[in-house]
Every structure is written in C-alpha cells, then in structure tokens.
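The structure under discussion appears below in the form of structure tokens.
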Amino acid sequence: MSSEATIKIRKASGVLEDLNIEKLKASLKRSGASDDAAEEVIDRVLLEIQPVTSTSRIYKLAKKHLKQYNHASSLRYSLKKALFRLGPTGYPFEKYIGEIMKNYGYEVTIGTYIKGECIDHEVDVLGIRDGEVAAVECKYHNVVGRTTDVKVAMYVHSRFRDIEPKFKAEHPDKKFHGWLVTNTRCTENAIQYADCYGFKVLGWQHPNHHSLQKIIEDKRLYPVTVITGIQRGIVDTLISKNIVLLKDLSEMEISDIRSILSLNESKAAKLKQQAMDLCLRRA
C-alpha cells in the first residue's frame, strides 16, 4: 500500500489527525472485504485524496471502490450513516437499541415509566436478563460531529440515582445498571464521569472491545436504513410495524413485504434479497 505519512484527516469536529491506515483497513474488513480487497481499496483512495482531506471524503471514496468488489460489503460500510438515517427523532433509535438488546438475551420494554424516590421517570429502554436490569437512556444525534457531553452524563446519572433505590426495594433479587447509549461519541469528561459513578457508556466506538459498532457487527444487527436508496416512507412503515432490524426483514415472506409496504412482487423480492445479502455472515 502507498504511504500515508503526509496525509492529514479533518474530522467532523474540525480536528486534524494523521490518517490511520490500519484503522481504515479494519473498518473495510469488518464490512466483509478480504485483506487483498481492503488493500486495493485503500491504494485507490490514497490516489484520489489531497494531503489534507475530510473523513467524509475518505468514507465516500472507500465506499465507491469497495462497491466494485462486493455490493453488500459497501452497504455494511455505511453502518454509521445508516444510524443517522434512523432520525430525525430519537424514537426509532430507542426501538433499534431495544432490538439489539433482545438479540443479546434481554427482555425489553420501550418507553416505560418507573417511579423514583422523588419523581416518575420515563426510561427509554428497560432490559431484564437473568438477575440484571438495565435502565437505558438513549441520546440520538442526527448531525455528524455532535457529541454527548458531561452535562448529559450528569443529567442521566441523577435520574439513575432517583430510580435505583425504589427499584432495588421492589426487585431485591436483581442488580441494577444504568446505561447511557449514543450513536456518535461521548466526550472524555462524560466517560470519566460515568466511570467514576459506575454507570455504563455505550458509544459508536466506546468501549474499545464492546462498542455499539462492535455489538452490531458481531451479530449483523443492521438497521433497515443500511439499504441505501430506501424511501423514507418505507423506513417509517417498517419501524411502525416494529421491523427495525434488517435480519427481520430478510426473514419475512415476500407476500408479507408486499402487503406491509404496498410493493409489487418484483420490488418486494429485490428488497428481501438485499436484506438477505447484507445479513449473511462471512465464511
């Protein structure tokens, strides 16, 4: 591969940093590209960028060249963008997080009210698994570069503190955990605050070995929005029918897809095939 020594990347926040070829290669491989294909894509990208370029430019070029090798891989590479397309409100993101948790063994309730010591609280996602209960606060951003800061971490912590005593009194056999989940990232101060007070932060790439990106990719829990070109109306209809995960769409009968989305057989079959291709695991 070509040298990246003189290439700087301008992130969405405006910060400049050195291009990390290994990080780029890892993201391509996670999408399903082989080692050789990932290296070829990177070589092509390096030929088309300036000494200072943006992360969005890298993303667009990598996706364009990856598509020449494998269309499904190029769509999986769009995962972060797909989460932004769940908006503009945060409710579809809450449903999506709930579906992810179900696939990791939790019994899930969305938008439930829990009585605290002082006031009642609406909890975005409540997950119960064995002797564990997770009260999840979802912070969704539909703008690239937005972060979840320490003020948000302090706010959700105050809610967890109000909920925990009452919950423990009513469910003494279960261990209570508070989670803050975001589709972008938390600031360092927010993470430090959460670590100090013992509640979980789950961000796009945090924590390193169990991030939101990692738990999605490990089980191919892609949102339906990962299919590019899918109409907003179709996305809204699917989510309203609790079809948030692409794998659920891939397992539906063509006749059911036609009925729910008012599509002809050809379009319904094509949509199902795209979903099946994306959900297949690599050998």
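The values are calculated or read from the model by the stated rules, or taken from the named source; none is laboratory data. Note that the coordinates shown come from a computational prediction; the quantities given were computed from them, not determined experimentally. Cβ sites come from the backbone with ideal geometry, for glycine too, and all protein chains shown count toward neighbours.
Observations on the model:
- Taking every residue in region 45-59 that is crowded, with 16+ Cβ neighbours inside 10 Å and pairing it with any residue that is among the hydrophobic types (A, V, I, L, M, F, W, C), at least 6 positions away or on another chain, the pairs with Cβ-Cβ distances below 6 Å are VAL45/LEU61; VAL45/ALA62; THR55/ILE9.
- Residue within region 244-262 that is of a type outside the set (Phe, Trp, Tyr), crowded, with 19+ Cβ neighbours inside 10 Å and under 19 Å from TYR140 (Cα atoms) present: yes
- Filtered residue count, region 97-147, keeping only those that are closer than 30 Å to VAL15 by Cα, among the hydroxyl-bearing types (Ser, Thr, Tyr) and out of contact with any helix residue (DSSP H, G or I) (no Cβ under 6 Å at 6 or more places or on another chain): 1
- Selected residue (only one of THR182, THR187 is in contact with a helix residue (DSSP H, G or I) (Cβ under 9 Å, 6 or more places away or on another chain), under 30 Å from ALA33 (Cα atoms) and not basic (Lys, Arg)): THR182
- Residues of region 126-149 satisfying the condition of being crowded, with 17+ Cβ neighbours inside 10 Å and touching a residue at least 40 places away in the same chain (Cβ under 8 Å): VAL133, ALA134, ALA135, VAL136, GLU137, CYS138, LYS139, TYR140, HIS141, THR147, THR148
- Single residue of region 166-217 satisfying the filter (more than 30 Å from SER78 (Cβ to Cβ) and in contact with a Gly (Cβ under 8 Å, 6 or more places away or on another chain)) that is surrounded by the fewest Cβ atoms within 10 Å (Cβ to Cβ): ASP173
- Top-ranked residue of region 249-268 - restricted to ones that are among the small types (Gly, Ala, Ser) and part of a helix (DSSP H, G or I), ranked as farthest from ASP236 (Cα to Cα): SER266
- Test: residue in region 108-126 that is small (Gly, Ala, Ser), touching a strand residue (DSSP E or B) at 6+ places or on another chain (Cβ under 9 Å) and more than 28 Å from ARG232 (Cα to Cα): no
- Take the conditions (1) at pLDDT 90 or above; (2) part of a loop (DSSP other than H, G, I, E, B); GLN50 misses just one of them, which is (1).
- Pair list, Cβ < 7 Å and 6+ apart or interchain, from region 71-89 residues that are within 21 Å of LEU280 (Cβ to Cβ) and at pLDDT 75 or above to residues that are surrounded by fewer than 18 Cβ atoms within 10 Å (Cβ to Cβ) and of a type in the set (A, V, I, L, M): none
- Selection from region 83-117 of residues that are over 29 Å from VAL133 (Cβ atoms) and part of a helix (DSSP H, G or I): PHE84
- Within region 22-44, the set of residues being surrounded by 13 or more Cβ atoms within 10 Å (Cβ to Cβ), more than 19 Å from LYS8 (Cβ to Cβ) and within 18 Å of the chain's Cα centre (by Cα) comprises LEU28, LYS29, ARG30, SER31, GLY32.
- Restricting attention to region 192-206, the residues that are of a type in the set (Gly, Ala, Ser), touching a residue at least 40 places away in the same chain (Cβ under 8 Å) and not in a helix (DSSP H, G or I) total 1.
- Of the residues making up region 161-191, those that are more than 13 Å from the chain's Cα centre (by Cα), closer than 30 Å to ALA82 by Cβ and touching a residue at least 40 places away in the same chain (Cβ under 8 Å) are HIS177, GLY178, TRP179, LEU180, THR187, ASN189, ALA190.
- Residues of region 5-47 classified as in a loop (DSSP other than H, G, I, E, B) and either among the aliphatic types (A, V, I, L, M) or under 25 Å from ASN208 (Cα atoms) (or both), total: 13
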